[in-house]
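Asks: Here it is, the structure, as structure tokens.
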Amino acid sequence: MIKDYFFLALRNLKKRKLRSFLTLIGIIASISTIFVLIGLSLGLQGAVEEQFRTLGSDKLFIFPATGFLGPPGSVGGTILAEKDIETIKKVKGVEDYSYFVISNAEVKFGDEIKYLAVIGVPTENMDVFTEGGAWSAEEGINLEKGDSGKLMVGSLFGEGKVFSSSLERGNKLKINNEKFEIKAIAKPIGNPADDSSILIPLEDLRRVFKISERVDQIVVKVDEGENIFEVAERIENKLIKTRGVTKKTKDFVISTPDELLESFGNVLDIITVFLIGIASISLFVGGVGIANTMYTSVIERTKEIGIMKAVGARNSEIVKLFLIESGLLGLVGGIVGVIFGILIGNGIEYIAINNLNTNLLAVETPLILIFGSLIFAFVIGGISGLIPSWGASKTNIVDALRYE
């Protein structure tokens, strides 16, 4: 019997092709929008989780509480310094450490000038800095102790996406009018900010930029077998004592990859819910369109409904017929919306990789998302047709048969 209802519903929709098509537009737009937003959210979360996994579970990150990597003077004098590193490396459970300082610079190649981020790292502590896979040399070798006047450039330099020509090992760059030689080109990290940055020995950066003590971030590697949270607490207590602050007034933050990932995930969830809320407005409009179509259909088929009831059709059967019809409208809109969503998502991913040089805007389309979208569309269609279907079932037989 249900099979017959589906055939009847399909026949009725085919009779009203233009109206059905116009009704579908709202559902298609809303389902494709929601599909793309959730797919991008899942993809972004997966890409970020992968990047954090490469950092390892044995790392701590320490940076000023007033802001990460702010320019000199932007944090009201609250900075980390090399004396803090001396404190940290004496803490029980600390196996190794690294740190860096970052500044913006005028970078010149030939006659071209760009303003780029330059990162200074102590070459004797490069292992911890590169252990997570970031700033690993693809061409040449990583910076080593004694590499004054040498630098490593991000992958976009080698692809010709920073300057008009591709750079190679041995090319010379001027950083704030001081010459440096390219020793290595890094593997792609996955975001344009990092892949267009420059890595130089910390001693060179302090000299060129006249930065004496400032440290922008410290990376601590924890001894194997040590509890990372206990080590973090020891470091916090030591820094509180040496920096002359209290737990309430401390001017630094200690984070693990999991904590950073959780914070990022919370922000991402809020943004996703907000965007889906906006997209749901179009879904509501699409549902109103289905309800309007079903009301019109009920009016047009008043005599047909009367005949069906005259030959024995029950109210519940009339309701089922119209509910299936409205549900099919939602389902067809959902199918087309999912197809459009996949195409749009893949287009965004392609543009992100090839034009924006980032792999963070990847799109994930798990089967649960596809089937969930289709079921959701069918349910929205059914709900939108609920009141018109109930109204059709209450049609008076005598009035319906006399309806012209």
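Read-outs throughout are calculated quantities, based only on the coordinates presented, and are distinct from any laboratory measurement. Note that the coordinates shown come from a computational prediction; the quantities given were computed from them, not determined experimentally. Glycine also receives a Cβ, built like all others from the backbone with ideal geometry; neighbour counts cover every protein chain displayed.
Asks: Here are the criteria: (1) without any contact (Cβ under 8 Å) to a residue 40 or more places away in the chain; (2) within 30 Å of Lys83 (Cβ to Cβ). Tell me which single one Lys238 does not satisfy.
Replies: (1)
Asks: Of all residues in the stretch 373-385, which are part of a helix (DSSP H, G or I) and buried (at least 16 other Cβ atoms within 10 Å of the Cβ)? I'd like the intermediate steps shown before the answer.
Replies: Within the stretch 373-385, the subset part of a helix (DSSP H, G or I) is 373-384.
Within the stretch 373-385, Ser373, Leu374, Phe376, Ala377, Phe378, Ile380, Gly381, Gly382, Ile383, Ser384 meet the criteria.
Asks: Related question: Residue under question is Pro192, and the condition is that it be surrounded by 22 or more Cβ atoms within 10 Å (Cβ to Cβ), in contact with a Ser or Thr (Cβ under 7 Å, 6 or more places away or on another chain), of a type outside the set (Gly, Ala, Ser) and over 12 Å from Val107 (Cα atoms); does it hold? Let's see the steps before the verdict.
Replies: Numbers: surrounded by 22 or more Cβ atoms within 10 Å (Cβ to Cβ): no; in contact with a Ser or Thr (Cβ under 7 Å, 6 or more places away or on another chain): yes; of a type outside the set (Gly, Ala, Ser): yes; over 12 Å from Val107 (Cα atoms): yes.
No.
Asks: Among the residues of the stretch 199-235, write down those that are farther than 15 Å from Phe100 by Cβ and of a type in the set (Asp, Glu).
Replies: Asp223, Glu224, Glu226, Glu230, Glu233
Asks: For the stretch 125-244, which fully contained helices (runs of 4 or more DSSP H) count at least 2 residues that are within 22 Å of Gly93 (Cβ to Cβ)?
Replies: Numbers: elements: 126-130, 155-158, 192-195, 202-209, 228-243.
Fully inside the stretch 125-244 and qualifying: 126-130, 228-243.
Asks: For residues that are under 14 Å from Gly277 (Cα atoms) and crowded, with 23+ Cβ neighbours inside 10 Å, scanning just the stretch 35-51, find the one that is nearest to the chain's Cα centre (by Cα).
Replies: Selected residue: Ile38.
Asks: Identify all residues within the stretch 244-254 that are in contact with a Phe, Trp or Tyr (Cβ under 7 Å, 6 or more places away or on another chain) and among the charged types (D, E, K, R); write none if there are none.
Replies: none
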